[in-house]
Amino acid sequence: MAKEAAPKVQTIDPSAIEVLKRAEELGYSTAFSRAAKMPACPIGAEGACCQICDMGPCRLVPTKANPDPVGVCGATRATVAARNMARHIAAGAAAHSDHGRDLIFTLEAVGKGEAQGYELRDIPKLYAVAGYFGIKTDGKKPEQIAVEVAQKAIADMAGQKGEITYLKRAPKKRQEIWRQVGIAPRGVDREVVDILHRTHMGDDQDAEHILHGSLRCALGDGWGGSMMATDISDILFGTPSPLVTKVNLGVLKDDEVNIIVHGHEPTLSEMIVRAVGEPELIEYAKSKGAKGINLCGICCTANETLMRQGIPSAGNDLNQELAIITGAVEAMVVDVQCIMQAVGDLSQKFHTKLITTSPKVKITGATHIEFDEHHALDIARQIVRVAIDNYANRQQTQIPTHYHDLVPGFSHEYIRYMLGGTLRGSFRPLNDAVMQGRLRGVAGVVGCNNPRVTHDGWHNYIVKEFLKNDILVVQTGCGALANAKYGLLVGEAALEYAGPGLREVCEAIGIPPVLHMGSCVDNSRILTVLTEMATEGGLGEDISDIPGVGIAPEWMSEKALSIGAYFAASGVYVLFGVNSPIENSEEVVKIMSEGWEKMVGGKMEFVPDPEEIVRRSLAHIDAKRAALKLPAYDPTKYGKSGDWRMRELLQKPLAERVNALYGMPVAAE
Ligand code: XCC
Ligand code: SF4
């Protein structure tokens, strides 16, 4: 199926609709309008283009006269599609893991007392991680342990031989499979180089072998770089637990200095959180005529500060340009990944100061204030001042009123705790619910936005179908922010959207039917949840036994492909929407589906039809239930428990409702 330039309905987000109108009036382009104007290259979209050497680029488009074309070097369609896929996966793995590396360096600097403003917030987690690395902790100060953990972690990422330390966190059976088929990864640095080497012109030309290598590389990300990024973020900034906050462009304020943090790394944004709370800076903002400073996030930097500090999010990936078009953003502070180059030019049409901060990322039109963990708090203060000074330059604004509450913060540690308390925390109740059929299964719905499909539309449709079918959903990244906008990430959503069994589970535990587990690197938290479920008993003994699926409905980034590949390698059935970048080779389609399933129990399929994604997911979940000899899913069996209390609560004002549901006050207006 050819990729559409843009769907008829470009977004379901009411604030996006509003701002897109303004963009049109002003004559400014956005990703939405650019996508509509420029259809995707049909050759590249199918994985038919090879640009690996200068004898090409070669386009391997089959014709009647030549149904099986090869490149100048003789490379086949399968080789080209596999090589492209492997390189994408390696780039995604590199991005995630390099993010992990920066956090490791920050941890080391904190341990040595050289990182201004940071502290070790979760000492028990530091001890747990030290345990994984075999570091003795008795008699040592946390700071010293932090330094040792950091050094081991860096060595692990650079490991040339053997396998990464965290592999042993996977179920036993899974580890054996990896070793047996030869995909237990060495350090991710070596795995990425390995893929770049073997896909260079004149190297690995066996599609199956190329993709085999890409699984190993992806595992080095999921169970390596990403998992360490998550762990160390928790050590430095705290392990998330639920809180109430808001999402969508309506969180911007007309009478305050609006600062948006955008990108992925929590290191600088956490210092900005601190800086905007400092009385001197608030006073400074007031001296410039603003009522205060309003910090918001976009993409995964948003997810990091949202789940830990309750900093509201202005939206997901496709909201980034729209935030600037409101005219109300004094500064957009970006670090790494998913920052559209268009924000550089766009920010110059408004008063918005675009500030790049990563030594790796500069954008034309932006001011560069480089981040350095040794002086992070001073740099954060400097950035906040730049934003405040810019408030006077604000012109006409048009801020949409829409936003929605959400409850993020479901780390696997918290899920464990919520299922049984501090003393008997375990995944037993969750497994029981699946075994009884109260829950048909579980699903992770993650990943990006893509203007080639309805913004948030596929996320929303698929998740609502899952909820109806009593499937508990976990989300990360832009997917989580997508559904939060439509009220799926609050407790009340169980009443409105969940099937009878899922509703009972949500009411009994007091959780939303969709659990926000964090940013993109935090997909590693989902690996841990799956491991806990697999080892708890009753649902087999490996991740591939669990009645569950992983979906990236609106993916666009290479990181999403790395995530998909490491979930498949971990035994999960993974489905991607939008279009198929391997469509040009039936052989590659088969390898990643049937081939991988035979080898590792998980597979990866590209299905450009949300209804078909749901159908395949349900069929897979039911087949896994049958294989475990669990009762077939029967929606009439559960849901008789009273939900009168919920209905009563729904009538109450927001503050009272939130307090009753979560035992906490609503985040300040
Ligand atoms: Fe980027 Fe993480 Fe994709 Fe969103 S979801 S567009 S990668 S921000 Ni990971
Ligand atoms: Fe063409 Fe082969 Fe070079 Fe690819 S590696 S561009 S298929 S000649």
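Quick grid of which residues meet (1) within 16 Å of ligand 1 (Cβ to nearest atom); (2) in a helix (DSSP H, G or I); (3) at pLDDT below 95; (4) open to solvent by 30 Å² or more (accessible area, probe 1.4 Å):
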residue: Gln396; (1), (2), (3), (4): no, no, yes, yes
residue: Ile399; (1), (2), (3), (4): no, no, no, yes
residue: Glu413; (1), (2), (3), (4): no, yes, yes, yes
residue: Arg416; (1), (2), (3), (4): no, yes, yes, yes
residue: Thr422; (1), (2), (3), (4): no, yes, yes, yes
residue: Ala443; (1), (2), (3), (4): no, no, no, no
residue: Asn450; (1), (2), (3), (4): yes, no, no, no
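Remark: Ala23 falls outside the filter, which requires a residue to be within 16 Å of ligand 1 (Cβ to nearest atom), of a type outside the set (Ser, Thr, Tyr), assigned to a helix (DSSP H, G or I) and under 26 Å from Glu321 (Cβ atoms). Restricted to region 248-273, and to residues that are in a strand (DSSP E or B) and either within 14 Å of ligand 1 (Cβ to nearest atom) or polar (S, T, N, Q) (or both), which residue is farthest from the chain's Cα centre (by Cα)? The residue in question is Asn258.
Counting only residues that are open to solvent by 10 Å² or more (accessible area, probe 1.4 Å) and either within 16 Å of ligand 2 (Cβ to nearest atom) or modelled with pLDDT of 90 or more (or both), region 496-510 holds 7 of them. Of all the criteria given as (1) out of contact with any Cys (no Cβ under 7 Å at 6 or more places or on another chain); (2) outside any helix (DSSP H, G or I); (3) open to solvent by 10 Å² or more (accessible area, probe 1.4 Å); (4) not hydroxyl-bearing (Ser, Thr, Tyr), the one not satisfied by Cys520 is (1).
Taking region 630-649 as the search range and keeping residues that are part of a helix (DSSP H, G or I) and open to solvent by 70 Å² or more (accessible area, probe 1.4 Å), which one is modelled with the highest pLDDT? Of everything passing the filter in region 630-649, Glu648 is modelled with the highest pLDDT.
The condition of being within 16 Å of ligand 1 (Cβ to nearest atom) and either in contact with a Phe, Trp or Tyr (Cβ under 7 Å, 6 or more places away or on another chain) or under 21 Å from Ser214 (Cβ atoms) (or both) does not hold for Ile52. Can you confirm whether Asn483 is away from ligand 2 (no atom under 16 Å from the Cβ) and either open to solvent by 10 Å² or more (accessible area, probe 1.4 Å) or in contact with a Phe, Trp or Tyr (Cβ under 9 Å, 6 or more places away or on another chain) (or both)? Spelling it out, it is not the case that Asn483 is away from ligand 2 (no atom under 16 Å from the Cβ) and either open to solvent by 10 Å² or more (accessible area, probe 1.4 Å) or in contact with a Phe, Trp or Tyr (Cβ under 9 Å, 6 or more places away or on another chain) (or both). When Gly420 is tested against (1) more than 22 Å from Gln320 (Cβ to Cβ); (2) in contact (Cβ under 8 Å) with a residue 60 or more places away in the chain, only condition (2) is not met.
Each residue in region 26-49 was checked for being in contact with a Leu (Cβ under 7 Å, 6 or more places away or on another chain), farther than 17 Å from Ser580 by Cβ and away from ligand 1 (no atom under 16 Å from the Cβ), and 1 of them qualify. Looking only at region 175-232, residues that are closer than 30 Å to Pro142 by Cβ and β-branched (Val, Ile, Thr) come to 3 in all.
Looking at region 63-175, the helices (runs of 4 or more DSSP H) lying wholly inside it that each contain 1 or more residues that are without any contact (Cβ under 8 Å) to a residue 24 or more places away in the chain and either small (Gly, Ala, Ser) or open to solvent by 40 Å² or more (accessible area, probe 1.4 Å) (or both) sit at 123-132, 142-157.
Residues in region 61-80 that are among the aliphatic types (A, V, I, L, M) and in contact with a Cys (Cβ under 7 Å, 6 or more places away or on another chain) were compared, and the one that is farthest from ligand 2 (Cβ to nearest atom) is Val80.
Taking region 591-629 as the region of interest, how many residues are open to solvent by 40 Å² or more (accessible area, probe 1.4 Å) and either in contact with a Cys (Cβ under 8 Å, 6 or more places away or on another chain) or on the phi > 0 side of the Ramachandran plot (or both)? Of the residues in that region, 1 qualify. The single residue among Cys41, Cys49 that is buried (at least 18 other Cβ atoms within 10 Å of the Cβ) and without any contact (Cβ under 8 Å) to a residue 60 or more places away in the chain turns out to be Cys49.
Only one entry of Ile551, Ile546 meets the criterion of being within 13 Å of ligand 1 (Cβ to nearest atom) and not basic (Lys, Arg), and that entry is Ile551. Only one of the numbered conditions (1) open to solvent by less than 60 Å² (accessible area, probe 1.4 Å); (2) assigned to a helix (DSSP H, G or I); (3) at pLDDT 95 or above is violated by Asp432, and that is (3). Taking the criterion of being assigned to a loop (DSSP other than H, G, I, E, B) and touching a strand residue (DSSP E or B) at 6+ places or on another chain (Cβ under 8 Å), the residues of region 52-61 that qualify are Gly56, Pro57, Leu60. Here the strands (runs of 3 or more DSSP E) wholly within region 545-618 that include at least 1 residues being touching a Lys or Arg at 6+ places or on another chain (Cβ under 9 Å) and of a type in the set (A, V, I, L, M, F, W, C) are 548-552, 573-576.
Scanning region 41-51 for residues that are in a helix (DSSP H, G or I) and either farther than 30 Å from Gly224 by Cβ or near ligand 2 (Cβ under 10 Å from one of its atoms) (or both) returns Pro42, Ile43, Ala45. Tell me yes or no: at least one residue of region 384-393 is touching a helix residue (DSSP H, G or I) at 6+ places or on another chain (Cβ under 6 Å) and modelled with pLDDT of 95 or more. Checking region 384-393: at least one residue is touching a helix residue (DSSP H, G or I) at 6+ places or on another chain (Cβ under 6 Å) and modelled with pLDDT of 95 or more.
The values are calculated or read from the model by the stated rules, or taken from the named source; none is laboratory data. Because the structure is predicted, anything quoted here is derived from the model rather than measured. Cβ coordinates were reconstructed from backbone atoms using ideal geometry, including for glycine residues, and neighbour counts include every protein chain displayed. In case anyone asks, the SASA skips ligands and DNA or RNA and just uses the protein heavy atoms, side chains included. Shrake-Rupley method; radii C 1.70, N 1.55, O 1.52, S 1.80 Å.
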